[in-house]
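Notes for the one structure printed next.
The values are calculated or read from the model by the stated rules, or taken from the named source; none is laboratory data. From a predicted model like this one, the values you see are computed outputs, not experimental measurements. Here Cβ is always computed from backbone atoms with ideal geometry, including for glycine, and neighbour counts include all displayed protein chains. These area figures cover heavy atoms from the full protein model, side chains too; ligands, DNA and RNA do not enter into them. Shrake-Rupley method; radii C 1.70, N 1.55, O 1.52, S 1.80 Å.
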Amino acid sequence: MSRIEQTPTSAKVDALQEWRNKSYNTIKDAINQGGNHLLPILMTLGKTWSAGNLPADDDVDYPLTVFTKQIDTREQIEEYAIEAGLEPENIKRLPVFNRWCPTAKGEHDGKEVSGMDLKWSELMAELQRQLVPPSIIHEFMGDKIPCQHDGKCEYSAACDFDAEDYELLIGHPVHANILSYVEERAVLFDEDAGGAFEYTVSQSVYTAAISTFLEHHSDIDAGSKNDLIRADDEQREEWIEIIMDRELLVDPDIGYSNQGGRADSPLLTLAVLNGKPVENDEVTDTGLRRTEIGKKVLLHDEGKDRDEPSVTIRNPPEALTSAWAAIAMDGTPTPEIWEGRLGRELDYDEDFMTDEERAEFVRDTLGYKITQLTEETTAFSAKAKNVSRWKFNGYLHEISEHHDRMVPTITSLQAKKSIIHGKYVDNKELHLGKVRSHSELEDETLLAVLGSLHPGNRAIQQLAALDGYAIESNGKYGVDKSYGEIGDRYYHHMVHSEVAQAIFRAGRKDDIAGADIYVYTACIPDWIPRKVVSKRPQKWSDKIEETKRVLKNNESVSKAEIQEKTGNGERTVRKHLYTLRDLNAVDSITGFNGKKEWFDTGIDTLNPHGHFRIHPEN
């Protein structure tokens with residue numbers, strides 16, 4: 001049963017605090033040491049608390065800048081800092097473009113954008129996605145942008161401050177591109193920055209952008225993407241040199257002045273012109289072509305099978321080179337991905353917590369009782385068609401009945417919308433792909449994680465290719481799927497680590513002794529301790545449903561009568577009766593005529609979806 005009423009023992013509280021102290025001191029040491037670090041600090045170990053408290057620590061020698069994607073986490077960091085004794089006037093939450101700029105917020109969407117079929121807020125979002133900083137947008141557009149018709153934009157005014165006046169700056173990872181926010185400061189990234197420094201452009205969009213760019217460059221004798229692809233090596237080298245000689249590789253004038261144009265069209269053009277196949281000793285992927293321009297990485301995917309062509313641009317924050325320290329904190333880190341996204345080598349402190357210590361911490365300190373409901377099924381659930389409705393709902397019914405409550409559930413968004421029955425689930429928003437840094441379920445003592453997200457082979461290959469690795473699947477399915485030693489790091493980052501992040505959403509409050517967590521996928525990192533249910537669920541067949549109906553509709557009935565009423569054979573009916581008896585749903589007595597009579601003792605209490613086991617056999 002659930003352990004909702006339990007409270008943690010003093011030994012558990014002491015063990016948790018000991019690890020949190022180690023986490024705090026490890027971060028502090030990295031700050032004072034300087035340089036670039038990746039700290040594998042597990043969820044629940046106080047990364048956010050440390051980020052708020054360190055600026056008030058007299059032993060910290062440098063001002064801090066903390067970047068996190070979640071707004072509520074930024075608010076929490078500020079609260080922690082004030083509680084630790086930092087004066088509010090020494091704290092600055094950095095202005096966010098689409099929350100401060102009236103044009104970006106959509107307040108001027110009713111006004112026409114000259115020569116473009118876009119709303120003003122859409123144009124602002126597009127220019128920012130195309131690597132044009134908000135400050136440059138305002139500077140370039142001047143009084144053409146509605147928020148500057150009557151003077152300085154509210155966003156620009158909010159950015160007009162001296163960062164040196166603040167001990168703590170708090171913002172979104174994209175703020176790492178702004179020199180004054182990071183220069184000679186210790187910079188903390190709280191959890192994975194995700195897509196803050198990379199984005200993908202679809203074929204139709206980059207094709208149109210390249211055509212528009214070429215229309216305005218008569219010195220490049222090409223009119224389309226296909227002309228670039230067909231060019232010989234000599235032409236390519238000449239055109240690459242022309243583009244590289246430009247003053248700007250991200251030009252806001254192209255993104256604003258030309259229909260179909262994009263500010264990043266010079267980069268898109270270079271991606272098609274200059275990309276070299278991604279390869280290593282064993283694999284060459286001629287369809288993924290990679291270009292490096294300084295720290296920037298351009299990846300042209302020419303398309304494969306059903307996967308459409310695209311261009312991905314990774315733009316690490318160059319301003320970070322001016323920081324005293326850049327420290328990434330992540331409970332499930334993949335060093336190669338962090339280094340690629342930040343554009344620098346990181347000192348990875350893999351000894352901070354060994355896998356054995358992690359397992360002990362999860363089991364004994366957090367008190368997580370994790371049950372893996374399948375030993376072989378990966379349950380990739382991103383697409384509803386891949387999900388067995390009866391299995392997901394069957395497990396939720398069984399868990400709900402056992403714990404006598406609705407079940408906090410994390411699964412794919414599609415599964416939540418179209419597969420999961422609402423009578424089982426009491427949280428609507430959190431889903432796989434949206435779990436990192438979320439605390440909505442932190443006081444829950446029960447959780448079901450159903451399925452895992454597999455983004456597709458090509459997405460995993462693209463992520464690896466951005467770092468220069470060519471990988472391929474072994475073609476197998478389920479737990480046998482592999483992309484090789486290097487490729488599995490990216491596979492596990494996108495699939496297994498996301499499941500781990502989901503598991504750690506529950507039971508995080510200090511006054512909670514633990515949590516019962518059920519996971520229906522085998523895609524779980526090896527270091528997470530759990531017991532495994534080996535028996536597969538069994539769906540009720542139409543024939544056993546007929547047997548159940550006969551038993552419910554009669555006070556008692558013989559096996560022969562069931563055969564007659566259902567048309568099922570003797571062996572089939574006998575198997576049904578023994579199965580239902582093992583589940584305490586029917587029983588039998590011997591009548592006066594010496595024949596065995598069967599009767600209903602709890603058919604209505606059975607799981608309506610089938611026979612499910614949520615407890616390991618040992």
**Criterion violated by residue 606 - all others in (1) modelled with pLDDT of 95 or more; (2) open to solvent by 40 Å² or more (accessible area, probe 1.4 Å); (3) in contact with a Lys or Arg (Cβ under 9 Å, 6 or more places away or on another chain) satisfied** = (2)
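Tally up the residues in the stretch 215-231 that are over 37 Å from the mean Cα position of the chain (by Cα) and either open to solvent by less than 60 Å² (accessible area, probe 1.4 Å) or at pLDDT 95 or above (or both), please.
6
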**Message:** If I ask for residues that are touching a His at 6+ places or on another chain (Cβ under 9 Å) and of a type outside the set (Gly, Ala, Ser), which ones from the stretch 318-328 would you list?
**Reply:** 327
**Asked** Filter the stretch 273-283 for residues that are under 14 Å from residue 487 (Cβ atoms) and open to solvent by 40 Å² or more (accessible area, probe 1.4 Å); which is modelled with the highest pLDDT?
**Response** 279
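Just the residues that are part of a helix (DSSP H, G or I) and either among the acidic types (Asp, Glu) or outside the structural domain of residue 40 (by the TED database) (or both), please, taken from the stretch 148-185.
If the condition is that a residue be part of a helix (DSSP H, G or I) and either among the acidic types (Asp, Glu) or outside the structural domain of residue 40 (by the TED database) (or both), then 154, 164, 165 are the ones that fit.
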**Request:** Hey, can you tell me all the residues within the stretch 466-482 that are surrounded by 15 or more Cβ atoms within 10 Å (Cβ to Cβ), within 30 Å of residue 419 (Cα to Cα) and either in contact with a Pro (Cβ under 9 Å, 6 or more places away or on another chain) or not small (Gly, Ala, Ser) (or both)?
**Result:** 481
**Request:** Tell me, please, whether a residue that is open to solvent by 30 Å² or more (accessible area, probe 1.4 Å), without any contact (Cβ under 8 Å) to a residue 40 or more places away in the chain and either farther than 25 Å from residue 320 by Cα or in contact with a strand residue (DSSP E or B) (Cβ under 7 Å, 6 or more places away or on another chain) (or both) can be found in the stretch 192-214.
**Result:** yes
**Prompt:** Would you say residue 139 is of a type in the set (Asp, Glu), part of a loop (DSSP other than H, G, I, E, B) and either farther than 30 Å from residue 436 by Cα or open to solvent by less than 60 Å² (accessible area, probe 1.4 Å) (or both)?
**Reply:** no
**Complete:** Expected output for the stretch 221-232 (first residue of a type outside the set (D, E, K, R), partner modelled with pLDDT under 95 and exposed (fewer than 12 other Cβ atoms within 10 Å of the Cβ), Cβ below 9 Å, 6+ apart or cross-chain) is 222/230
**Message:** The conditions are (1) surrounded by fewer than 18 Cβ atoms within 10 Å (Cβ to Cβ); (2) assigned to a loop (DSSP other than H, G, I, E, B); (3) touching a helix residue (DSSP H, G or I) at 6+ places or on another chain (Cβ under 7 Å), and residue 114 fails exactly one of them. Which is it?
**Reply:** (3)
**Request:** Of the numbered conditions (1) in a loop (DSSP other than H, G, I, E, B); (2) closer than 25 Å to residue 45 by Cα; (3) open to solvent by 20 Å² or more (accessible area, probe 1.4 Å); (4) in contact with a helix residue (DSSP H, G or I) (Cβ under 9 Å, 6 or more places away or on another chain), residue 509 fails exactly one; give the number of that condition.
**Result:** (4)
**Request:** Could you name every one of the helices (runs of 4 or more DSSP H) located completely within the stretch 512-594 that has at least 3 residues being touching a Ser or Thr at 6+ places or on another chain (Cβ under 8 Å) and open to solvent by less than 50 Å² (accessible area, probe 1.4 Å)?
**Result:** 542-553, 570-582
**Message:** Condition check: part of a helix (DSSP H, G or I), among the acidic types (Asp, Glu) and within 27 Å of residue 606 (Cβ to Cβ). Does residue 485 satisfy that?
**Reply:** no
**Message:** So residue 290 passes all but one of these: (1) among the basic types (Lys, Arg); (2) surrounded by fewer than 19 Cβ atoms within 10 Å (Cβ to Cβ); (3) farther than 30 Å from residue 419 by Cβ. Which condition number does it fail?
**Reply:** (2)
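Just to be sure before I move on: is residue 341 closer than 14 Å to residue 527 by Cβ and in contact (Cβ under 8 Å) with a residue 40 or more places away in the chain in the structure I sent?
For residue 341, the condition - closer than 14 Å to residue 527 by Cβ and in contact (Cβ under 8 Å) with a residue 40 or more places away in the chain - is not met.
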**Prompt:** Taking only pairs six or more apart or across chains, which ones have beta-carbon atoms under 6 Å, a first residue in the stretch 142-162 that is open to solvent by less than 20 Å² (accessible area, probe 1.4 Å), and a second residue that is of a type in the set (Gly, Ala, Ser)?
**Reply:** none
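Okay, residues lined up against (1) open to solvent by 10 Å² or more (accessible area, probe 1.4 Å); (2) more than 24 Å from the chain's Cα centre (by Cα); (3) among the hydroxyl-bearing types (Ser, Thr, Tyr):
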{"position": "286", "(1), (2), (3)": "yes, yes, yes"}
{"position": "298", "(1), (2), (3)": "no, no, no"}
{"position": "305", "(1), (2), (3)": "yes, yes, no"}
{"position": "309", "(1), (2), (3)": "yes, no, no"}
{"position": "327", "(1), (2), (3)": "no, no, no"}
{"position": "335", "(1), (2), (3)": "yes, no, no"}
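Tally the residues that are in contact (Cβ under 8 Å) with a residue 40 or more places away in the chain and out of contact with any His (no Cβ under 7 Å at 6 or more places or on another chain), restricting the search to the stretch 88-106. If you could, list the steps in order and put the result at the bottom.
Kept after step one, since they are in contact (Cβ under 8 Å) with a residue 40 or more places away in the chain, are these residues of the stretch 88-106: 90-97, 100-104.
The next check asks that each one be out of contact with any His (no Cβ under 7 Å at 6 or more places or on another chain); those that pass are 90-93, 95, 97, 100-101, 103-104.
Qualifying residue count for the region: 10.
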**Request:** Check the stretch 362-371 and report whether any residue there is modelled with pLDDT under 90 and closer than 25 Å to residue 488 by Cβ.
**Result:** no
**Request:** Report those helices (runs of 4 or more DSSP H) wholly inside the stretch 186-294 carrying at least 2 residues which are in contact with a Leu (Cβ under 6 Å, 6 or more places away or on another chain) and on the phi > 0 side of the Ramachandran plot.
**Result:** none
**Message:** Can you tell me how many residues within the stretch 572-618 are of a type in the set (Phe, Trp, Tyr) and within 11 Å of residue 551 (Cα to Cα)?
**Reply:** 2
**Fill in**
Expected single match for within 30 Å of residue 42 (Cα to Cα), assigned by the TED database to the domain that holds residue 123 and in contact with a Lys or Arg (Cβ under 6 Å, 6 or more places away or on another chain) among 334, 371, 321, 365 is 334
**Prompt:** Does residue 354 meet the test of being free of Cβ contacts under 8 Å to residues at least 40 places away in the same chain and closer than 13 Å to residue 36 by Cβ?
**Reply:** no
**Request:** Spot the failing condition for residue 107; the list is (1) assigned to a helix (DSSP H, G or I); (2) at pLDDT 95 or above; (3) open to solvent by 30 Å² or more (accessible area, probe 1.4 Å), and only one is missed.
**Result:** (1)
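Within the stretch 346-465, which helices (runs of 4 or more DSSP H) (wholly inside it) include 1 or more residues that are in contact with a helix residue (DSSP H, G or I) (Cβ under 7 Å, 6 or more places away or on another chain) and either of a type in the set (A, V, I, L, M) or crowded, with 16+ Cβ neighbours inside 10 Å (or both)?
On the way: elements: 355-360, 389-403, 413-418.
Of the helices (runs of 4 or more DSSP H) lying wholly inside the stretch 346-465, those with at least 1 residues that are in contact with a helix residue (DSSP H, G or I) (Cβ under 7 Å, 6 or more places away or on another chain) and either of a type in the set (A, V, I, L, M) or crowded, with 16+ Cβ neighbours inside 10 Å (or both) span 389-403, 413-418.
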